[in-house]
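The values are calculated or read from the model by the stated rules, or taken from the named source; none is laboratory data. This one's a predicted model, so the numbers in the text were calculated from it and none came from an experiment. Glycine gets a Cβ as well: all are built from the backbone with ideal geometry, and neighbour counts include every protein chain shown.
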Amino acid sequence: MPTDLTSWPGSKQVTLSWTAPRSDNAPITGYYITVYPGGKSAPVSGAATSVVATGLTNGVHYTFALRAINSLGVGSAASVIGLPTNIPPQTTPAPVSTSHYIRNITGNLTTDAALMRSMGANDAAHNPSGHSYLILLQIGGQDQADQGVLLSATARYVTYSAVVSAMKAYLDGYHTMQKPYAPLILAVGTNNDVDVSASAGVTWARTIVSPIAGYATRYPGITVAGANDMEPGFSASVGATRSWLSGYLSATSARFVFNGSADGCSTARAGAVCNNGWSMADLQWLSGGAAPSRTISLPQIYNYAMPLQWKYISLTGTNAGRPRINFGGPLTEYTACAQARSCGSIGNVDAWNRLWAAISSTPATRQTQLPHGTDLRIN
């Protein structure tokens, strides 16, 4: 009989996952899944450890019975209850998830794993059911020559492989405490302040994001994206930054979370210039224009000017016939600034309200929802 049968509900569907039973003398050749009410059965591959049951009705309790098949016949059923539901659009301030400037991993796989498992479990425990969440783990700048990163605002070097191991441990911990109806996008981020090039973008996709995303497939309700804090104030030129994103997008199908700022951009008109030779058109391209269907824009909203900057950056695109930016919600650093005592940020609920008001003020940038809100802390 399959063990550890669990259900993860979504809209009009339930994802089932399980551990295959031991069957040394007669290998498993397949499964039957039966859904009640209705009693309809369907075959499942013997190599599978998960399946998505679709065509369900939201709000109805379903019982799923799973039986293994081998040459000896059909085994006993494991069963679980699932309740498909639809998470409503977020038109009021989103529950605030905790994101992290990662500074405390060391490259020691044992201690890093324990630390990150604990962090993941703690974050999940604070994210209630009925909402979707986006959490950013901001790692730091890439050191391509040494195949590693310099952790955020530090000189501590950690290899790419150690970062991947730490992120997998975070996912393990998060899964243990994740609530039903609370799907997560985990964004693993770098910045445009150290080694920034097309090849660095490819490396972030293939060496960091793809292995973590592949690992996350064992956990229904968790998806992994790459992220980059792209700012005119950092060291890389806009050309190098655009090359990084092109490299990243070419090397993975994973989503991209833009989480930068709009240094020096206008708060009153579209199409203007920003600091250090950047333009609003550049930021529109980086924050959504390059890949509208794959990009979630999570702009830094630390003060009252920033929501207006992003409204006009989105308008820069729509005025040129391009899609509006897909804003996921505001990124704040209220907690990090309190920890550091050296910066300032408005709170995330205030930031959500101001970003929502700014993009709702004109039909060209208006959205049906703003699903996320997340606040950075230093760890």
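A residue that is of a type outside the set (Ser, Thr, Tyr) and free of Cβ contacts under 8 Å to residues at least 60 places away in the same chain occurs nowhere in the stretch 371-379. For Arg103, indicate whether it is under 22 Å from the mean Cα position of the chain (by Cα), under 30 Å from Leu5 (Cα atoms), basic (Lys, Arg) and not in a strand (DSSP E or B). Criteria not met by Arg103. Please determine, by comparing only the residues of the stretch 21-55 that are within 19 Å of Asp4 (Cβ to Cβ) and polar (S, T, N, Q), which one is surrounded by the fewest Cβ atoms within 10 Å (Cβ to Cβ). Ranking the qualifying residues of the stretch 21-55, first place goes to Ser45. Here Ala94 clears all of (1) of a type in the set (Gly, Ala, Ser); (2) assigned to a loop (DSSP other than H, G, I, E, B); (3) more than 20 Å from Gly328 (Cβ to Cβ) except the condition numbered (3).
Within the stretch 113-147, the only residue that satisfies the criterion of being of a type in the set (Gly, Ala, Ser), in a helix (DSSP H, G or I) and under 16 Å from Asp193 (Cα atoms) is Ala145.
When we screen Tyr62, Tyr101 for residues that are within 29 Å of Pro371 (Cβ to Cβ), outside the structural domain of Val164 (by TED's automatic domain parsing) and either modelled with pLDDT of 95 or more or among the small types (Gly, Ala, Ser) (or both), the only hit is Tyr62.
Of the residues Tyr160, Tyr133, the single one that is in the same structural domain as Ile208 (by TED's automatic domain parsing) and more than 21 Å from Arg377 (Cβ to Cβ) is Tyr160. Kindly indicate whether any position in the stretch 332-355 is closer than 25 Å to Gly239 by Cβ, assigned by TED's automatic domain parsing to the domain that holds Ser132, in a helix (DSSP H, G or I) and without any contact (Cβ under 8 Å) to a residue 60 or more places away in the chain. Within the stretch 332-355 (the criterion being closer than 25 Å to Gly239 by Cβ, assigned by TED's automatic domain parsing to the domain that holds Ser132, in a helix (DSSP H, G or I) and without any contact (Cβ under 8 Å) to a residue 60 or more places away in the chain), the answer is no, since none of the residues qualifies. The single condition among (1) surrounded by fewer than 24 Cβ atoms within 10 Å (Cβ to Cβ); (2) assigned to a strand (DSSP E or B) that Gly189 does not meet is (1). Got at least one residue in the stretch 192-200 being hydroxyl-bearing (Ser, Thr, Tyr), in the same structural domain as Ala216 (by TED's automatic domain parsing) and modelled with pLDDT of 95 or more? Within the stretch 192-200, one or more residues are hydroxyl-bearing (Ser, Thr, Tyr), in the same structural domain as Ala216 (by TED's automatic domain parsing) and modelled with pLDDT of 95 or more. Among residues of the stretch 333-352 being surrounded by fewer than 19 Cβ atoms within 10 Å (Cβ to Cβ) and among the polar types (S, T, N, Q), the one that is farthest from Asn303 (Cα to Cα) is Gln339. Applying the set (1) out of contact with any Ser or Thr (no Cβ under 8 Å at 6 or more places or on another chain); (2) modelled with pLDDT under 95 to Asn108 leaves exactly one unmet item: (2). Taken together, Met167, Met177 contain a single residue that is surrounded by fewer than 21 Cβ atoms within 10 Å (Cβ to Cβ) and in the same structural domain as Ile105 (by TED's automatic domain parsing), which is Met177. When the helices (runs of 4 or more DSSP H) confined to the stretch 201-302 are screened for residues that are without any contact (Cβ under 8 Å) to a residue 40 or more places away in the chain and within 23 Å of Pro323 (Cα to Cα), those reaching at least 1 such residues are found at 238-251, 280-284.
Pairs meeting the criteria (first residue in the stretch 1-29 and more than 17 Å from Ala47 (Cβ to Cβ), second residue β-branched (Val, Ile, Thr) and part of a loop (DSSP other than H, G, I, E, B), beta carbons under 6 Å, at least 6 apart or on different chains) are Pro9/Thr85.
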